[in-house]
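The values are calculated or read from the model by the stated rules, or taken from the named source; none is laboratory data. The structure displayed is predicted, hence computed values, not measured ones. Note that we place each Cβ from the backbone using ideal geometry, even for glycine, and neighbour counts take in every protein chain shown. Protein only, heavy atoms only, side chains kept; ligands, DNA and RNA dropped before computing areas. Shrake-Rupley method; radii C 1.70, N 1.55, O 1.52, S 1.80 Å.
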Amino acid sequence: MSNSDLVPGFDDERDDSLKIELQKEPSVENCLLVNLTGYIDTYNSVFFQKQVGKIVNSGYVNLVFKCSGLNYVSSTGIGSFTAFLKLVKPKGGDIVLLNIQPKVYEVFQLLGFSQFFNIKETQVDAVEYFKRENVQENSVFPKVFNCPVCSRRLKATKSGRFRCSDCKSIIAIDQNGHVFLG
């Protein structure tokens, strides 16, 4: 099955620096595996965003990005993943990043984004995440709160530790949504 069979017109555009292969995940509703090979930077991020826009417009809102073939992601590329979250969340979807190479994961960590994304090691874990998400309807997340240090308004999509975008303080949020310095 070709990419265009799953998402009409998907293969009409190509970029040699980023190869994208699509695969349907039948066990999760509206779920697509997006296999990425190459790199994402300032120059090809518009292409990347346009292609993922086609995916979402075709009704796929649960996306698993297989990142084992990505050897570089710039801050602009990470911004693309953030934009995808904002695109699918209002439609009841989510994204999972799968098999991120250590040097790419380091960029996510340095920029403070590793806590905002669902990052999994195996495809089975990614699929299970979506199945669990559908069960947890009364979750406290996403949670909007004020930074305990600078009072900046922040949003957390899940429990964990992350850095305030203004004052750079480390903040922790437990599963019940309690916020504290971490």
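Looking only at the range 23-36, how many residues end up being assigned to a strand (DSSP E or B) and within 16 Å of the chain's Cα centre (by Cα)?
At the first step, the residues of the range 23-36 found to be assigned to a strand (DSSP E or B) are 23-24, 31-36.
Restricting the remaining residues to those that are within 16 Å of the chain's Cα centre (by Cα) gives 31-36.
Here the count works out to 6.
Which pairs have Cβ atoms under 9 Å, sit 6 or more apart or on different chains, and link a residue in the range 1-18 that is without any contact (Cβ under 8 Å) to a residue 24 or more places away in the chain and open to solvent by 70 Å² or more (accessible area, probe 1.4 Å) to one that is assigned to a strand (DSSP E or B) and of a type in the set (Lys, Arg)?
Listed by first residue and then by second, the contacts come to MET1/LYS24.
To keep it simple, each residue is scored yes or no on (1) closer than 15 Å to SER17 by Cβ; (2) touching a residue at least 40 places away in the same chain (Cβ under 8 Å); (3) out of contact with any helix residue (DSSP H, G or I) (no Cβ under 6 Å at 6 or more places or on another chain).
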| residue | (1), (2), (3) |
| --- | --- |
| GLN51 | yes, yes, yes |
| ASN62 | no, yes, no |
| VAL96 | no, no, no |
| ILE100 | no, no, yes |
| GLN109 | no, no, yes |
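Grab the strands (runs of 3 or more DSSP E) fully contained in the range 51-132, keeping just those with 1 or more residues being open to solvent by less than 20 Å² (accessible area, probe 1.4 Å) and modelled with pLDDT of 90 or more. Please lay out each step first, then the result.
Details: elements: 62-73, 94-98, 118-120.
Where strands (runs of 3 or more DSSP E) fall fully within the range 51-132 and carry at least 1 residues being open to solvent by less than 20 Å² (accessible area, probe 1.4 Å) and modelled with pLDDT of 90 or more, they are 62-73, 94-98.
I'd like to verify a number: residues in the range 133-160 that are in a loop (DSSP other than H, G, I, E, B), modelled with pLDDT of 85 or more and of a type in the set (S, T, N, Q), how many?
1
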